[in-house]
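Note sheet for the following structure.
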Amino acid sequence: MKRRNILISSAALALAAGARAQVGGVPVRILVGAPAGGSTDTLARTLAASMGPALGRTVIVENRPGAGGNIAAELVAKAPPDGNTLLMSFTSHAINATLYPSLPFDPVKDFTPLTLVASAPSILVAHPSLPANNVKELIALAKAKPGQLNFAIGSVGSSLHMAGEAFKMQSGVDIVNIPYKGTAPAVQDVLAGQVQLMFAAVGNAQAHIQAGKLKALGVTTAKRLPQFPDVMAIAEVLPGYESSAWFGLFGPGRMQPDVARKISDAARKAIATPEMQKRLESEGAIPVGNSPEQFAPFVQSEIKRWAKVVKFSGAKPE
């Protein structure tokens, strides 16, 4: 009887361990190559909270900032492709492919694209004292005063920096970059009139525009944004111009299709939740949640597109 009880207890423990392995077990880690509190971090944490129940596992977020997101990316690229280590990346994943002379990973082959979480359009803003009220007037002013106008940029190689470089490349104007260590001080100097212009995330600029502290000149989407119906799309003056930041979920390369699909489905289900939709809206972002088959060619096209702009800018990594 004693032996029987031991066997029953052992079987129960084994079943419990198996259940923990499936429900709790080793947590899924989402690495973020940016500091806590930024857009990428907050979106990753909101996504993780909703992905956990969908996967039946704990999902945690770890911040590994540095080198424009490359530190986190390298850790994921070299992780086992078992779905336990993921990367919440952003536009810099595509920009860094050209910005950095060499990378310790291949930005395409060493990753499995899972889903494009969201895109975040930006807006070209100016201090109210600037004698230009739209993109057309700005280009005319910049051509009349080459090298006399300034762009504030929060980070060299960022999507907002490259939005400005793409604008200069297509319009043929000479506007000087003033780099800052972060978006917040860059915005503050434009608000103070120390710098005339800036490409800013819609979420960071909207309140200042509504308060009349900043002037909106153009949006970076192909068409006008619903929240700014009177602000022209830059593409209305520079055909083909478009620039949006994006946030995407990746796994290591060589993931099994069924594992990748399971995680992608859980992420897409999370993106559709009211909590995630609300968070994206607060960040000025537009939810996407596409399939791995749709996300993969998007990443490759972004690498190719930004390569031209990075080469034009002559930017070097900080």
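The values are calculated or read from the model by the stated rules, or taken from the named source; none is laboratory data. No experiment lies behind these values; they were computed from the predicted model shown. We place every Cβ from the backbone using ideal geometry, glycine too, and count neighbours over all the protein chains shown.
Quick notes on this one:
- A count restricted to segment 266-318 and to residues that are β-branched (V, I, T) and within 16 Å of the chain's Cα centre (by Cα) stands at 5.
- Counting only residues that are more than 12 Å from T112 (Cβ to Cβ) and either of a type in the set (S, T, N, Q) or part of a helix (DSSP H, G or I) (or both), segment 230-257 holds 5 of them.
- The residue that is farthest from V219 (Cα to Cα), among those in segment 117-138 that are surrounded by fewer than 20 Cβ atoms within 10 Å (Cβ to Cβ) and touching a helix residue (DSSP H, G or I) at 6+ places or on another chain (Cβ under 7 Å), is P131.
- Segment 216-230: number of residues that are touching a Leu at 6+ places or on another chain (Cβ under 7 Å) and under 16 Å from L130 (Cβ atoms): 2
- Of the residues making up segment 188-212, those that are buried (at least 16 other Cβ atoms within 10 Å of the Cβ) and more than 19 Å from the chain's Cα centre (by Cα) are D189, V190, L191, V195, Q196, L197, H208, I209.
- Flag for L191 being touching a His at 6+ places or on another chain (Cβ under 8 Å) and not aromatic (F, W, Y): yes
- Those residues of segment 78-116 which are of a type in the set (V, I, T) and surrounded by fewer than 23 Cβ atoms within 10 Å (Cβ to Cβ), in sequence order: T85, T98, V108
- Flag for V173 being in a loop (DSSP other than H, G, I, E, B), over 21 Å from the mean Cα position of the chain (by Cα) and crowded, with 23+ Cβ neighbours inside 10 Å: no
- Within segment 155-191, the set of residues being without any contact (Cβ under 8 Å) to a residue 40 or more places away in the chain, hydrophobic (A, V, I, L, M, F, W, C) and over 15 Å from L138 (Cβ atoms) comprises I178, A184, A186, V187.
- Matching residues, segment 260-295, being touching a strand residue (DSSP E or B) at 6+ places or on another chain (Cβ under 9 Å), surrounded by fewer than 22 Cβ atoms within 10 Å (Cβ to Cβ) and polar (S, T, N, Q): Q277, N290, S291, Q294
- Selection within segment 68-78 - outside any loop (DSSP other than H, G, I, E, B) and either more than 12 Å from S155 (Cβ to Cβ) or modelled with pLDDT of 95 or more (or both): N70, I71, A72, A73, E74, L75, V76, A77
- Screening A152 with (1) touching a Leu at 6+ places or on another chain (Cβ under 9 Å); (2) outside any strand (DSSP E or B); (3) without any contact (Cβ under 8 Å) to a residue 60 or more places away in the chain; (4) among the small types (G, A, S) gives one miss only, at (2).
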